[in-house]
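Following this message is one structure expressed as structure tokens.
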Amino acid sequence: MREHDAYTALHAVIDPELDEPVTDLGFVRSLTVEGPTVTVHLRLPTSFCSPNFAYLMASDAKDVLTALDWVEQADVVLDDHHDSDLINRGLAADAGYRGTFGDEAEQDLDELRLTFRRKAHTAAMERALTRLLRENRELTEEALHDITLADLPDHRTTHALLRRRTALGLDTAPSAPVLVDDHGTPYPREEVPLRLRFARSVRISIDGNAHFCRGLLRTRYPESATDQTPRDQEVHAS
């Protein structure tokens with residue numbers, strides 16, 4: 001069914017701060033299809049969620065729907081946000097981020113997306129390496145300097161890391177080192193424990209924010225509970 005195809009396409013729309021699909025978070029309030037036209041209403045945990053995040057998700061939703069070969073018109077509407085009118089007008093007019101927010105658009109949308117892709121990569125890197133440490137008790141943090149992608153197990157944490165690296169254009173060859181900076185450069189051996197702790201703090205922040213926002217959404221829209229898919233969590237060392 002076309003409704004199913006459209007909803008599946010929305011799985012690719014990621015909340016930039018929470019690093020989860022809007023479908024799993026319960027942000028898709030409704031989706032209707034009339035012939036070649038798709039209409040989607042989005043809802044967020046609060047009315048004051050960051051406007052640039054809200055616009056990014058709504059814009060990405062319109063892009064993935066428009067990319068479907070049978071869609072001639074995709075209408076994405078953001079509900080109950082303090083900038084709903086502004087964002088919805090910009091989306092309807094295909095005005096773009098700067099065209100929608102004007103002088104308030106301090107950062108280009110691509111720059112904003114890059115910032116959060118880097119954070120998502122850092123968190124994914126920590127998840128994969130923490131799992132490796134937990135499964136190999138003799139492995140030290142310093143030894144992570146020599147760990148390559150080929151050393152990681154065939155596990156969803158590894159798959160997620162590879163997706164994040166691909167999104168950033170980083171090396172995904174089996175011989176590529178795992179613990180790298182935003183540009184793919186390995187950290188010096190002596191910095192590995194510090195860099196791992198920093199990566200862990202980024203991951204904890206993302207996971208904590210996601211849990212908090214899920215609860216806020218259920219409080220604001222009790223019916224959203226049935227639309228949320230629980231995050232598949234790993235047990236992490238803290």
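Return one whole number: the accessible area per residue of segment 109-158 in Å², for a 1.4 Å probe.
48
I would also like to ask the following. For the pair Thr46/Phe198, report the inter-label distance in nm, with labels modelled 7 Å from Cα in the Cβ direction.
It works out to 2.8 nm between the two label points.
Between Thr229 and His183, what is the label-to-label distance in nm when each label sits 7 Å out along the Cα-to-Cβ direction?
3.6
Quick one: if the Förster radius is 41 Å, what FRET efficiency do Phe53 and Arg137 give, using the C-beta to C-beta distance and rounding to 0.05?
The formula returns an efficiency of 0.55 here.
Relative contact order for segment 84-206 using alpha-carbon pairs under 8 Å, separation at least 6, rounded to a whole percent?
Computed value for segment 84-206: 28 percent relative contact order.
Over the chain, what percent of the accessible surface lies on carbon and sulfur atoms, probe 1.4 Å?
Carbon with sulfur: 51 percent of the solvent-accessible area.
Let me ask something additional. In nm, to one decimal, how far is the Ala173 label point from the Glu191 one, both placed 7 Å along Cα→Cβ?
With each label point 7 Å from Cα toward Cβ, the separation is 2.2 nm.
Calculate, axis by axis, the spread of Cα positions in the chain along the three principal axes, and write the results as whole Å, longest axis first.
Projected onto its principal axes, the Cα set of the chain covers 58, 37, 34 Å.
Filter the chain for me: DSSP H helices, axial length by Cα at least 30 angstrom, mean Kyte-Doolittle hydropathy not below -1.0. List them by residue number.
Passing helices, by number: 109-135, 192-220.
Based on alpha-carbon atoms only, what is the radius of gyration of segment 104-238 relative to the globular estimate 2.2 N^0.38 Å?
Rounded to two decimals, the normalised Rg is 1.16.
If the label point is 7 Å along Cα→Cβ of Ser30, which residues in segment 53-85 have backbone nitrogen under 17 Å from it?
Of the residues in segment 53-85, 74-81 have backbone N under 17 Å from the label point off Ser30.
Okay, moving on. Do any GluC sites (Glu not before Pro) in segment 6-101 lie in a loop, going by DSSP, with at most 11 other beta-carbon atoms within 10 Å of their beta carbon, and if so which?
Glu72
Okay, next question. Using amide H atoms built in the peptide plane, which far-off residues or other-chain residues are under 5 Å from Asp75 H to H?
Val38, Thr39, Val40
Follow-up question, since we're still on this one. Could you grab the Rg to Rh ratio for segment 6-76? Cα atoms only, Kirkwood for Rh.
Looking at segment 6-76, the ratio lands at 0.95.
Shape of segment 1-119 from its Cα gyration tensor (a ≥ b ≥ c, root eigenvalues): rounded if a/c is under 1.5, otherwise prolate when a/b > b/c, or oblate?
prolate
To continue, here is another question. Keeping all protein chains in place and using 1.4 angstrom, which order do Val64, Val76 fall into by accessible surface area, from largest down?
Result of the area sort, largest leading: Val64, Val76.
The values are calculated or read from the model by the stated rules, or taken from the named source; none is laboratory data. Since the structure is predicted, the reported quantities are computational estimates derived from the model, not experimental observations. Every residue, glycine as well, gets a Cβ built from its backbone with ideal geometry; the counts of neighbours run over all protein chains shown. For the accessible areas, the whole protein counts, side chains as well, though only heavy atoms, and no ligand, DNA or RNA atoms are used. Shrake-Rupley method; radii C 1.70, N 1.55, O 1.52, S 1.80 Å.
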